[in-house]
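Shown next, in structure tokens, is the structure this report addresses.
The values are calculated or read from the model by the stated rules, or taken from the named source; none is laboratory data. Note that this is a predicted model, so its numbers are computed, not measured. Using ideal geometry, Cβ is built from the backbone for each residue, glycine included, and neighbour counts are taken over all protein chains shown. All accessible areas refer to the heavy atoms of the entire protein, side chains included, with ligands and DNA or RNA removed. Shrake-Rupley method; radii C 1.70, N 1.55, O 1.52, S 1.80 Å.
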Amino acid sequence: MDSKFLNARSPMRLLEKGLHGGLGPGNLGLVVAGPGVGKTPFLVGVALDDLLRGQPVLHVALDQTVAHTRAYYDTVFDDYAAHARLDDEAVVHADVDRLRSLRAYPPQGFDAAKLRDAIKHENEAGQAPRVVILEGFDVAGAQPAEFGDLRSLAKEQGLEIWMSVTCNTEEIPSLPPEVGHGKDRFDVILALEPGDGSVKLRALKDHDNPDVSNLHVALDPKTLLLTRS
């Protein structure tokens, strides 16, 4: 199938509809889940969706190497291509690689200033990112000023910045304590929970909208790709 046709029918469109338009430029998004439930597959799925729509993505890894992160993207893409029976797989894969930038930093001392420098280099290279995946950032321990700096950067550059945090439990009925000072700083907060035959995705916060009903999107437990639920 053609990638544009597949992208138009992607479960991400359901997620955006359920979030009344999605995360949006200038905003911070967070996914919370228990250990090994699917935070990284979800974040890579968000990135892959933008890449398939021709939007540059910067993935910053604070807890993994560039090689490990690249290999994970390749695995997710291969699963996606096989599942979707993608036409011109090699061409699409090359386009995804061209639009995606991977950077790795030690977690100690990483801050919005370092992210700003990374984005500056991407802009100078002619590939201004639309989405930043900030993997491994210490959400639970971050201070309000750190969230404020990231939020200012997102608004200044028109970025969507996605992060994740691990919870101690698999069931997440409300905002967990691991969100820390991010409770009022994140615009969208999603929870991943194991369910019957899938990993369910639920909104805990959707901007200022009080309606955080079922998003009708899940993760396939085998491929860890986003699916309709």
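If a/c stays under 1.5 just call it rounded; otherwise compare a/b with b/c (prolate if a/b is bigger, oblate if not). Do that for the stretch 145-224, with a ≥ b ≥ c from the square roots of the Cα gyration tensor eigenvalues. Spell out each step's value before the answer.
Working: a/c = 1.90, a/b = 1.76, b/c = 1.08.
Taking the square roots of the gyration eigenvalues as a ≥ b ≥ c, the stretch 145-224 is prolate.
Past 23 Å, Cα to Cα, is the threshold; run Lys39/Lys183; Lys155/Lys183; Lys39/Lys120; Lys114/Lys200; Lys120/Lys155; Lys17/Lys120 against it and keep the listed order. Mind dumping the intermediate values first?
Numbers: Lys39/Lys183 18 Å; Lys155/Lys183 18 Å; Lys39/Lys120 27 Å; Lys114/Lys200 34 Å; Lys120/Lys155 15 Å; Lys17/Lys120 32 Å.
The answer is Lys39/Lys120; Lys114/Lys200; Lys17/Lys120.
Kirkwood hydrodynamic radius, computed over distinct alpha-carbon pairs, for the chain: how many Å, to one decimal?
One over the average 1/r among Cα pairs gives 17.7 Å for the chain.
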Relative contact order of the stretch 149-229: what whole-number percent is it, with Cα pairs under 8 angstrom and at least 6 residues apart?
-> 18 percent
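Any idea what the relative contact order of the chain is, in percent, if you count C-alpha pairs under 8 Å spaced at least 6 apart? Display every interim value, and only then the final one.
Values: 425 pairs, mean separation 74.2, N = 229.
Relative CO of the chain lands at 32 percent.
Give me the percent of the accessible area of the chain that comes from carbon and sulfur atoms, probe 1.4 Å, all protein chains in place. Don't skip to the answer; put the middle values down first.
Details: 5350 of 10740 Å².
Heavy-atom surface of the chain belonging to carbon and sulfur, 1.4 Å probe: 50 percent.
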Once you put a point 7 Å from the Cα of Asp97 and another 7 Å from the Cα of Gln143, both along the Cβ direction, what distance in nm separates them?
-> 4.3 nm
Roughly how much of Glu178 is accessible, in Å² to the nearest 10, using a 1.4 Å probe?
-> 30 Å²
